[in-house]
Amino acid sequence: MSGATSPFCAAIERLASAKGRGRLGTRRLAEGQLMCAADDPDLEDDGLLVVRSGRLRCFTSFEGKELTLFTLDPNDVVFVEAGFMLEARRDCTFWVMSLSAFREAALDEPLLALSAVDVFERMLRKSVRMVEDMAFFDVRRRLIRALCETADRDGRSAEAGVVIDRLPNAEAFATEIGATRQTVSTVFAELMRAGLMERAGASSLVIADIGRLREKLVVAR
């Protein structure tokens, strides 16, 4: 959830006042920097994370393999387990709060508890969709969805179509959708040959017809 501050985040911001400052910790990661939740005193026993700026990837790893759980933008909120890893996709500032501190804050700030329901329901839907994508849909469909979401979030309208000035690389898309870099590159090439998009520099992409690309979500399996 990006854009205007949500009621939940507004309640969190009120905790950043003198009354609740001790409950919140501010963390900053530079683009590409990694952090293990277990190494943070506010997250070592699980906690709450609220992104204030930038973009953050939350993932788990095992024997060299990674699974992206969430890609978080400003105002996104998630419960973080100690085993989670965090990677800044862009310079990122976020708040962290232990679960015990959150429970105490919810007693003092009833709106915090009420507004949390909508926030966590949305994150649950996002988790369910990720599981469905991994279980039922192929890499092509998952990549197309990721491209459409990137265009909605970061794209700008131009005469040639929707321009994404800062396109994530193939490796970033691969970790996001649970695929190999080679497979992502292959699907990219297929979409370009079909005339759906084209490169516009080293890190930019033009999607000629975003509506036509979205149609592929209906038929892709």
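The values are calculated or read from the model by the stated rules, or taken from the named source; none is laboratory data. Given the structure is predicted, the values throughout are model-derived calculations rather than measurements. Counting neighbours? That spans all protein chains shown, and the Cβs are built from the backbone with ideal geometry, glycine included.
Here residue 126 fits the description: under 22 Å from residue 54 (Cβ atoms) and among the charged types (D, E, K, R). Across the range 31-58, what is the total count of residues that are assigned to a strand (DSSP E or B), farther than 18 Å from residue 153 by Cα and aliphatic (A, V, I, L, M)? Within the range 31-58, residues that are assigned to a strand (DSSP E or B), farther than 18 Å from residue 153 by Cα and aliphatic (A, V, I, L, M) number 5.
Can you find a residue in the range 59-69 that is within 25 Å of residue 169 (Cα to Cα), touching a residue at least 12 places away in the same chain (Cβ under 8 Å), out of contact with any Phe, Trp or Tyr (no Cβ under 7 Å at 6 or more places or on another chain) and surrounded by fewer than 16 Cβ atoms within 10 Å (Cβ to Cβ)? For the range 59-69, residues within 25 Å of residue 169 (Cα to Cα), touching a residue at least 12 places away in the same chain (Cβ under 8 Å), out of contact with any Phe, Trp or Tyr (no Cβ under 7 Å at 6 or more places or on another chain) and surrounded by fewer than 16 Cβ atoms within 10 Å (Cβ to Cβ): present.
Just to be sure before I move on: is residue 118 surrounded by fewer than 15 Cβ atoms within 10 Å (Cβ to Cβ), touching a residue at least 40 places away in the same chain (Cβ under 8 Å) and farther than 23 Å from residue 15 by Cα in the structure I sent? Here the answer is no, as residue 118 does not meet what is asked. Looking across the range 17-27 at every residue that is within 17 Å of residue 53 (Cα to Cα) and surrounded by 14 or more Cβ atoms within 10 Å (Cβ to Cβ), the one that is modelled with the lowest pLDDT is identified as 24.
Can you find a residue that is assigned to a helix (DSSP H, G or I), in contact (Cβ under 8 Å) with a residue 60 or more places away in the chain, more than 15 Å from the chain's Cα centre (by Cα) and more than 25 Å from residue 82 (Cβ to Cβ) anywhere in the range 142-159? Yes, that holds for at least one residue.
Can you tell me which residue is nearest to residue 92 (Cα to Cα) among those in the range 47-65 that are at pLDDT below 85 and charged (D, E, K, R)? Across the range 47-65, the extreme among qualifying residues is 65. The range 59-124 holds strands (runs of 3 or more DSSP E) entirely within its bounds, and those carrying 3 or more residues that are under 14 Å from residue 35 (Cβ atoms) map to 85-98.
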